[in-house]
Amino acid sequence: MSERLLLVDDEEDIRRFLGMFLADLGYEVHAAENGVQALEMFDSVEPSIVLTDIKMPVMDGLELLKQIKAKSPETEVVMISGHGDMDLAIGCLQYDAADFVTKPINHDILDAALKRVEEKIILRRELKQYTQNLEKLVQEKSRRVIELERQLAAGEMVETMCQAISGLSEDFGDKAGYFNEMPCFVAVHNRSLTVVATNQLYKERLGDMVGHHSWEVYVGQAIRGFDGPVWKTFETGKGQRSRETMLCKNGRELPVMVHTSPIGERDGKVELVLELAVDVSEIKRLQEELRVTQQKYMDLFEATPCYIVVRDRNYRIVANNTLFKQDFGEGVGKLCHEVFRHRDTPCPDCPVDATFADGEPHNLEAVVTCLDGSAKNVLTFTAPMRNAEGEITEVMALSTDITQIRELQDHLTSLGLMLGSISHGVKGMLTALEGGVYRLESGIKREDMTRIADAGDTIKSLVGRVRNLVLNVLYYAKSRDMAGDSVDVSHLAQNVAQVVEPKAAREKIAFTCDIPSDLGTADLDTANLSAALVNILENAIDACTADTAKDIHSISFKASADADAVTFDISDNGMGMSQETREKAFTLFFSSKGLKGTGLGLFIAHDVVKKHGGRIDLTSEPGEGTQFHIVMPRRKAEAVGS
């Protein structure tokens, strides 16, 4: 089935030629010349993909994106931007745009972007269909369980029914018709343990036993003498209940639940006994079918290649499958947000809460953390689980691991994202650089050496920031191995300290170093490792300047070594990190600084250490500062991938 695509652009030529290209790709194309017209067409067209220009009259693409997502969150929107619209295009991603392409449009790039969007739509549909099928199976089997329980309860009700008819007189006369209508085997026995009356079903299935001994219809009782419920009722004067096996007239053994009730006591003795026997063979068959169905359900539950969690209204996990246990541990009885997201409070965007609220399936994409500390991108779908009254008692959440898909998408789009996020920083640096140049020129004209010196410091600082930014971009843009030259460790650490110390002094942060002069040599890539250490130290400076709760801040930089490894320890008493921030600290493009950070520094630092064969450990608590412990092998080992 071809996907319906709504193309929105104010230029008629683009709508015509681009529409022809999209139709050749197999899409059912509908076109609109602005955002207002697109919204008017949206409900009738019901497109799965919207391809829209950003800069348009009447209503621009960003406002159209917001209104489409509010109306239909599952519709994927791809933005078309000119080179001058890159900042705005990046901003569209914050409103859940699927992707963006730049003008002039390259057909191969557009085709690749649309294929990624189609894969996402297909995956969502498959997961939704899977969730609905599983929900339908659960509901169907729940109905069977309820039906079985009702049939079993019918056996309990027989005794009450027996009491209701226990006032029958010894003369059955015209009451025989009542007996014949009863949906179970009914017989009346006298004190001689002889059958004196039966209903029609009894005669059809068990034979005409009137005048026969009461025990003859029971398997095994003819040999040892009847001591079943009828005899016990005569002996005790009380009704009995027991499981027995009757013999049908065709020779088949029939398991039954027998209920007896005394009738017509005289002189303290029971004159007659009413016996009702219910066929439980169908119940046993249903029980076995239920057991098999439950086992199949559990096999499906355990074998599903998704994380499955069943949660109640109190955020407690009541069931989870094997795959969930492998990656997150046993979660039954625990709070789902603690196990899945390592949060102390419920997630504000929880799809399970939404399903409890409206009874509809919901979905959410999120990043979760496994027992081993690894992060996974998961796409979660929810389905309500109802009781016999139709009330939602629990919600099932199925989460599929889409980490590899996200990594592929990130790899394809990361360069554009990086340029967009970095453009803000570069623009600010250039503005400040222009100001520094102006101060330098004015200082030269006035022959003001103090002004010239201040302007020179500003320009050098800004040039250093631009240089670091460019080096980070170049490092990320090209995968490379570490050089691994033999370098003097003490000299390397001292150079790093000299770079950072002036910056700390400008921010009035106490900077202490402990770098022995006899650390020896190690196989290290001087340029990349120095940049990584500087990145971590500059993050420490930012953490201190952002912390307004303390008057005095400090940073410590220590280096040490043994026969096999070199160690660097960096600590600060800044604002610290929450657990969620710690777990994402080394993730590409993650930054806790908002627009002030690019999300590259710690990612590249971690990558550099890893490629050296080393490790970097992070400990931090909110308000208590942060510590980085970096261990590097002294000699170059086998290359480690990123």
Quiz item: Residues Gly420, Gly329, Gly373: which one is out of contact with any Lys or Arg (no Cβ under 8 Å at 6 or more places or on another chain), modelled with pLDDT of 85 or more and either farther than 27 Å from Asp299 by Cβ or of a type in the set (Gly, Ala, Ser) (or both)?
Solution: Gly329
Practice problem: Would you please name the residue that is surrounded by the most Cβ atoms within 10 Å (Cβ to Cβ), looking only at residues in segment 297-313 that are in a loop (DSSP other than H, G, I, E, B) and charged (D, E, K, R)? | Solution: Asp312
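A quick yes/no check of all residues on (1) charged (D, E, K, R); (2) in a strand (DSSP E or B); (3) closer than 18 Å to Lys584 by Cβ:
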{"residue": "His342", "(1), (2), (3)": "no, no, yes"}
{"residue": "Thr345", "(1), (2), (3)": "no, no, yes"}
{"residue": "Phe356", "(1), (2), (3)": "no, no, no"}
{"residue": "Leu371", "(1), (2), (3)": "no, no, yes"}
{"residue": "Thr400", "(1), (2), (3)": "no, yes, no"}
Quiz item: Residues of segment 227-279 being among the acidic types (Asp, Glu) and either within 58 Å of the chain's Cα centre (by Cα) or crowded, with 17+ Cβ neighbours inside 10 Å (or both), which ones?
Solution: Glu244, Glu253, Glu275, Asp279
Quiz item: Do any residues in segment 546-564 that are in the same structural domain as Phe511 (by TED's automatic domain parsing) have Cβ atoms under 6 Å from those of residues that are surrounded by fewer than 17 Cβ atoms within 10 Å (Cβ to Cβ) and at pLDDT 90 or above, where the two are at least six apart or on different chains, and which pairs are they?
Solution: Ser554/Ala510; Ser556/Thr512; Phe557/Cys513; Lys558/Asp514; Lys558/Asp569; Ser560/Thr567
Quiz item: When you go through (1) of a type in the set (Ser, Thr, Tyr); (2) under 24 Å from Lys115 (Cβ atoms); (3) without any contact (Cβ under 8 Å) to a residue 40 or more places away in the chain one by one for Ser48, which number turns out not to apply?
Solution: (3)
Quiz item: Which one is surrounded by the most Cβ atoms within 10 Å (Cβ to Cβ), of the residues in segment 204-217 that are free of Cβ contacts under 8 Å to residues at least 40 places away in the same chain and closer than 12 Å to Cys248 by Cβ?
Solution: Val217
Quiz item: Is segment 67-77 home to any residue that is in contact with a Lys or Arg (Cβ under 7 Å, 6 or more places away or on another chain), surrounded by fewer than 20 Cβ atoms within 10 Å (Cβ to Cβ) and not hydrophobic (A, V, I, L, M, F, W, C)?
Solution: yes
Quiz item: List the pairs whose first member sits in segment 386-403 and is in contact (Cβ under 8 Å) with a residue 12 or more places away in the chain, whose second member is surrounded by 15 or more Cβ atoms within 10 Å (Cβ to Cβ) and part of a loop (DSSP other than H, G, I, E, B), and whose Cβ atoms are under 7 Å apart, counting only residues at least 6 apart or on separate chains?
Solution: Glu394/Asp312; Leu398/Cys306; Ser399/Cys306; Thr400/Cys306
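The values are calculated or read from the model by the stated rules, or taken from the named source; none is laboratory data. Please read these numbers as outputs of a predicted model, since none were measured by experiment. Quick reminder, even Gly has a Cβ in these numbers, built from the backbone with ideal geometry, and neighbours come from all protein chains shown.
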